[in-house]
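Notes to accompany the following structure.
Readers should treat all values here as calculations from the given coordinates under stated rules, not as data from a laboratory. Being a predicted model, the structure only gives us computed values, none of them experimental. So basically every Cβ, Gly included, is an ideal-geometry build from the backbone, and we count neighbours across all protein chains shown.
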Amino acid sequence: MNRRALLAAPVLLPAIAVAQGFTPQNPECIAPAAPGGGFDLTCRLTTRVMQEQNIVPVPIRTQNMPGGIGAVAINHINAQRPRDPNVLVAFSTGSWLNMAQGRFGRFGENDVRWIGAIGADFGVIAVKADSPFRTLADLIAAFRANVSAVPVGSSGAVGSQDWTKIALVARAAGQDPRRMRYVPFEGGGAAMAALLGGHIQVFPGDASEVGGQLDAGQIRLLAVMSAQRLPGRFANIPTAREQGVDVEWPIVRGFYGPPQMPDAAYNYWVDALRRLQAHPTWPEQRNAQGLFEFNMVGEEFAALARQRVAEYRQLARDVGMVQVAQ
Amino acid sequence: MIADRLLGLAFIGIACAAGFSAWNLVVPFAADPLGPSPFPITIALVMGLCGAILVVQPVHGFERPERLAAPPMLVLAMVLYALSLVPLGFMPATALMAAAVALLFSAKPAQAAVVGIATALVLWGLFDKLLDLPLPKGILPF
Amino acid sequence: METFVALGGGFAVALQPHNIALAFIGCIVGTAIGVLPGIGPLNAIALLLPFCLALRLPPESALILLAAVYYGSGYGGRITAILLNMPGEPSAVLTTLDGHPLAKQGRGGAALAITGIGSFIGATLSVIAMTFLSVPLARVAVAFSPADYVALIAFALSLLGAVGGVSAPKAWAAGCLGIMLALIGIDSGTGVERFTMGSFELLGGIDFTILAIGLFAIGEILLLIETRLRAQAEALHGGQRLTFSEVIFCIPAMLRASSIGFVIGVLPGAGASVASALSYTTEKRLNESNGKFGQGDLRGVAAPETADNAAQIGNMVPMLSLGIPGSGTTAVLLGALLMYNITPGPLLFEQRPEVAWGLIASMYIGNCMLLLLNLPLVGIFARLLTVPAWVLYPGVLALSFAGVYAVSNSAFDLLLAIGFGVMGWLFRKMDIPLVPIILGFVLGRMLEDNLRRAMSLSGGEVSALVASPVSIILWVMTLAAVVWPFLRFKRG
C-alpha cells in the first residue's frame, strides 16, 4: 500500500501540489466509532473513493477512536494535534447535538474546522401500515389531544437524534416535548420490530433504514423531514413542511479538521470534497452508504454547523438537557 | 476470614457510593415512570446486603500469594506498556512488554528477546498490514 | 415443496466454485476472528466490506463470505476458552466453566471435539428451522414485547444461582457488580450520565471486550505468574479421546441447547450470550443429580457452544425475513446489502431469491466445512498447551492489548482492562466467581432497559408485566426455578 503510494506520488503530486500549496502526507481519517459503526463507513468508503478517483493522490488510512461517543476524538485532536493538516474526523448531526448538550466537555462547534458534508440521510416519521394516523396532520392532532398518549419509540437516548426529531414535531404541535411518551430501543432494528409488533405507534427513523418495510407495505411514512421530496421510493411521501409543519431533520455526515488546521490544508480538503461531490461516480457510491445528496463545503457549511448547534443548544436549554453551560 | 470481611466492607462501600450517586442523579425531566435511579439503587441494596452477609459470615481466607513480587511487576509492565504505546510506538513497546512478561515466566534473556521481537512483528503485520488498522508508529519510521 | 425448489436454487448459487471458495475463506477468517480476543465478527465484517466492494464481488458472493465470517466466529471463541480459560468471544464465557477443568484433566481435545460437533448441530438445526419457519417465526419475534423480555431476563437471572460457585453472597455481589459496570454511561431513558465519575471516556459505557479481556485473560495470567503456572492446564497427554458414547450422551443437551439458542437468537434484542447462559444453566439444573458441572462435564461445554451457534443463525431470521437487524453484526450485514443497492426487507426472498436462498444454502455448506475443518484441527489446537509458557502468555497478552488498541486507539481502554485484570486476579484468589459478573453485565442492562420500556408503554402500570401468555409462562418458570432448590433440599 505505502510503497505503491510512494511510487505514484512523484508522478501525480506536482500538479496538485502547485494548485493547492499543500500536499497531504500520510493523511488519516478518524472515525469516532469502532469498525462497523456509521462513522467508520463514512471514513472507509469515502476515502476509498477519493483515492480510487485520484482526488487525493495518497491513501487515507482510517483510525477508529470510539471512546466516549466521540468525546475522545475531539479531545484527541484538540489536545494532541490542533495544527495537524493531515487529519480529518468524521461527524454527523449527532455530533452537533452532543456539542449542544455539552457532552464533549468544553469542546464545542468553534473548536474544530468544519470542512464539509458528503451527504445526508433524512428523518422520516413511520407508522405501521394499519395505523389510524394517515397523515402528519393526524399525528399532530393526536399530539394536541394528549401528547403522552402516543407511544413513540426509536433508537437512542432522550436528547439523541431520534428523540430530537420527534420532539421538534411535538413542539410544532404546540406541545411540551418533555411530556412525550418516548421509549428508547437498542438500535433502529429493535425499534422497527417494536413498531411492527404494535408495541409503539410511531417510529421516528431514518430514510435509509426503512426502505425494505416501506416497499413491502408494512409501514407508512407520514412525512420525510427534508427540504424537498426525496427521490426514488420516497417520491410520493410529502415533506413535513408541505404538510404545514416547519421541521427538517437531515442527518448530515461529513468531516471536520483540527481547530488550527492551516488554511492551505483546509482549502485543500474543502476542494477535495467539492471535487468528490462533482465526480460522476460519486452519487452511486454515496447512495451505497445510504446517503442522499447534500453538497455543502467550506465556510458556507461552517456557518450552517454553527447555526444548527445554536438551535439545538436552545432546544436542549428549553427542555433542561444542557450538561455544562457553554 | 479477615479477607472476606474486608471484601464484604468493600462491597458495602461500592454499594453505598453507587447508591448515593444514583440517588442524587438530577433528571432534566421525567421521561419514563421509573427514571434512572430506582434500578441501580435496588442493585446497590442487594450488593450491600451481600457485603453485610460476608462481614458477618466470612467463608474463606485470602490465599497468600506464592510469589509476592511477580504479579505487581507484571501489572507495572502492562501499565508502562499502555502509557508508552503512543510515544514509543507499537513495535518497540510491544517487544519490550512481551520480553518482560517472558522473563517473568522464567525465560532466559535471549529467549525473551526473541519472543518480544517476534510477537511485535507478527502482531504488527496482523493488525496494521492485514487488517489495515493503523497502530502507533512512534520512534520507528514505519 | 416451494421451499425445496427455492432452496435448490440457492444451492445452485452456493455451489458455484467461487462461492464455495469464498465460504471456505469466510469460515477460516471467522474461526480466526473468534480466537482473537479484541476483535469480534462485527469489526471483521466491517473491515472486509471495502475489500468485497473493491473486488467487485456480486452481492450474493459478498454476503456468503461475510456471513461465513459471522457464523464461523462462533466456532473460534471456544478454543481459548477451553484451553486457556480465556474466552475469545463474549458468548464463550460460559464455556470456560467446564471447558477449562476438562483441559486441566487432559481432556481439552475431547472438549474441543464435542463443542465442534455441538456447534455444527446447533447451527445446522437452526439453518433447517430457518429454511422452513423463517416467516412465521419472524412474526412471533416481533410480537415479543418489552414486558416479555423482562420475564425472559428474569428467568435467565433466576438460573444464575447455578453458576454461583461456593458462596451465594459472593456470587450475587459479583452479579450486582457486573450490573453496575453495565450501567456506566449515558442513561438512554433520560439522557443523564450515570457513574461516569466525570470522565468523558466513560460516556459511552464500558465495552464488553475490555471487561472480558481484563477479568479473564489478564486476571488468569496474573494468577498463573503468581502460582508458578500451577493452574495451567496439563498438555494433551493422558486425557482420553472423545468416545462415541460420550457424543450420544451429549445429544439431548445439544438438542435442547439448539432450540433455546435458536429461539433466543430470533428475538431481536437478546443474543448469543443470553442463549449460551440460558442453555448452560438449564442443563446444570436438569442434571443436578448426575452431573459434575463446574468440574468438567462434557455437557457443560456442549450446551453453551451449541446454543451460541444456534443463536447466531437465529439472529439472521429477522434480518432476512423482515429486514430487521437483531444485533450489531447483522446490522452491518444488512448495511452490506444496502451497499449493493439491495433493499433488505420482507420482499428480499421474492425480489432477490439468489441472494436470500444462496445465503441460506451456503450456510449448510459452510457449517459442514467448519465441522470438517475443526475436527481434524482439534489435535493441533490442543497442542497450544505444549507451547512453553514464556512464549504463549506474552503472545496472548500482547495480542489482547493489540486487539483492543487497534479498534479503539485508546490507552485509557488498556488501563481499564489492566484494572479489571487486577480485579479478576484478586477475585479468583478470594473465590469470587467471575461468570456472574459477565452475566450481570449482559443481563442487568437488558433488564433495566426493558423494565423501563414496559413501564413507559403501560404508563407505570405494573400489571403490564404479566399481560401476555408468554410472560406468564416465563414468570411461572422463574418462580419454579427459584423455589425448586428449596423443595429438593427439604426432600433430600
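Using the Karplus relation 6.51 cos²θ - 1.76 cosθ + 1.60 with θ = phi - 60°, the per-residue 3J(HN,Hα) values for the stretch A:172-187 come to 5, 7, x, 10, 7, x, 5, 8, 4, 9, 9, 10, x, 10, 8, x Hz, with x marking Gly and Pro. From the alpha carbon centroid of the stretch C:1-21 to that of the stretch A:259-275 is 50 Å.
For the stretch C:169-225, the relative contact order comes to 25 percent (Cα pairs under 8 Å, sequence separation of at least 6). In terms of its C-alpha gyration tensor, chain B comes out oblate, because a/c is 1.5 or above while a/b does not outweigh b/c. Ordering C:Ile121, C:Leu42, C:Gly106 by the projection of their Cα atoms onto the charge dipole of the stretch C:1-159, which places +1 on the Cβ of Lys and Arg and -1 on the Cβ of Asp and Glu, puts C:Gly106 at the extreme positive end. Extents of the protein assembly as shown, taken as max minus min of Cα coordinates on every principal axis and listed largest first, are 73, 68, 62 Å. Each principal axis of the Cα cloud of the stretch B:70-130 was evaluated for its coordinate range; sorted largest first, these ranges are 34, 24, 14 Å. If you take the Cα centroid of the stretch B:26-47 and the Cα centroid of the stretch C:84-116, the two points sit 38 Å apart. Return the tail of the calculated pair distribution for the stretch C:20-113, meaning the percent of Cα-Cα pairs more than 20 Å apart. So the pairs more than 20 Å apart make up 39 percent of the total in the stretch C:20-113.
For the options A:Gly290, A:Gly116, A:Gly36, a Gaussian network treatment of chain A with springs between C-alpha atoms closer than 10 Å singles out A:Gly36 as fluctuating the most. Placing a pseudo-label 7 Å from each Cα along the Cα-to-Cβ vector at C:Ile25 and A:Gln243 gives an inter-label distance of 4.7 nm.
Bridgeable aspartates and glutamates around B:Lys129 (alpha carbons under 16 Å apart, same-chain partners fewer than 8 residues away excluded): A:Glu28. With both labels modelled 7 Å from their Cα along Cα-to-Cβ, the B:Ala17 to B:Met1 distance reads 2.9 nm. Once you reduce the stretch A:44-92 and the stretch A:159-223 to the center of their Cα atoms, the two points are 31 Å from each other. Legend: translational diffusion of chain A by Stokes-Einstein, Rh = Kirkwood radius over C-alpha pairs, 25 °C, 0.890 mPa s; D = 119 µm²/s.
What does the C-alpha gyration tensor say about the overall shape of the stretch B:2-56? Classify as rounded when a/c is under 1.5, otherwise prolate if a/b is larger than b/c, or oblate. Note, shape of the stretch B:2-56 comes out prolate.
Applying a 4.7 Å Cβ-Cβ cutoff to the protein assembly as shown, the cysteines left without a disulfide-compatible partner are B:Cys16, B:Cys50, C:Cys27, C:Cys52, C:Cys176, C:Cys250, C:Cys368.
The aspartates and glutamates within cross-link reach of A:Lys165, meaning a Cα-to-Cα straight distance under 14 Å and a gap of 8 or more places when in the same chain, are A:Asp121, A:Asp176, A:Asp206, A:Asp246, A:Glu248, A:Glu311. The distance between label points at C:Phe132 and B:Ala118 comes to 5.2 nm (points 7 Å beyond Cα on the Cα→Cβ vector).
Working from Cα pairs under 8 Å separated by at least six residues, relative contact order for chain B is 23 percent. Computed over the stretch B:2-56, relative contact order equals 61 percent, with contacts defined as Cα pairs under 8 Å that lie 6+ residues apart. Our estimate of slack between C:Gln351 and C:Phe4, defined as 0.36 nm per intervening residue step minus the Cα-Cα distance, is 123.2 nm. Across the alpha-carbon atoms of the stretch A:56-109, the computed radius of gyration and Dmax are 12.0, 38 angstrom.
Quote the FRET efficiency, to the nearest 0.05, computed for C:Thr386 versus A:Arg144 with a Förster distance R0 of 60 Å and r equal to the Cβ-Cβ distance.
0.20
Arranged from fewest to most other beta-carbon atoms within 10 Å of their beta carbon, C:Arg78, A:Arg106 become A:Arg106, C:Arg78. Just checking the listed ones, A:Asn26, A:Asn267, A:Asn86: in the Gaussian network model of chain A with Cα springs under 10 Å, the one fluctuating most is A:Asn26.
Rounded to the nearest 0.05, what FRET efficiency do A:Ala137 and A:Arg274 have when you use their Cβ-Cβ distance and R0 = 30 Å? Efficiency, rounded to the nearest 0.05: 0.15. Straight-distance candidates among the aspartates and glutamates for linking to C:Lys170, with alpha-carbon spacing under 18 Å and chain neighbours fewer than 8 residues away dropped: B:Asp4, B:Glu63, C:Asp431.
Quick check on the stretch A:121-243: take the gyration tensor over C-alpha atoms, sort the square-rooted eigenvalues as a ≥ b ≥ c, and tell me if it's rounded (a/c under 1.5), prolate or oblate.
Details: a/c = 1.41, a/b = 1.17, b/c = 1.21.
Judged from the Cα gyration tensor, the stretch A:121-243 comes out rounded (a/c under 1.5).
With r as the distance between the Cβ atoms of A:Asn54 and B:Thr42 and R0 = 56 Å, compute the FRET efficiency 1/(1 + (r/R0)^6) and round to 0.05.
Numbers: r = 60 Å, r/R0 = 1.07.
Rounded to the nearest 0.05, the efficiency is 0.40.
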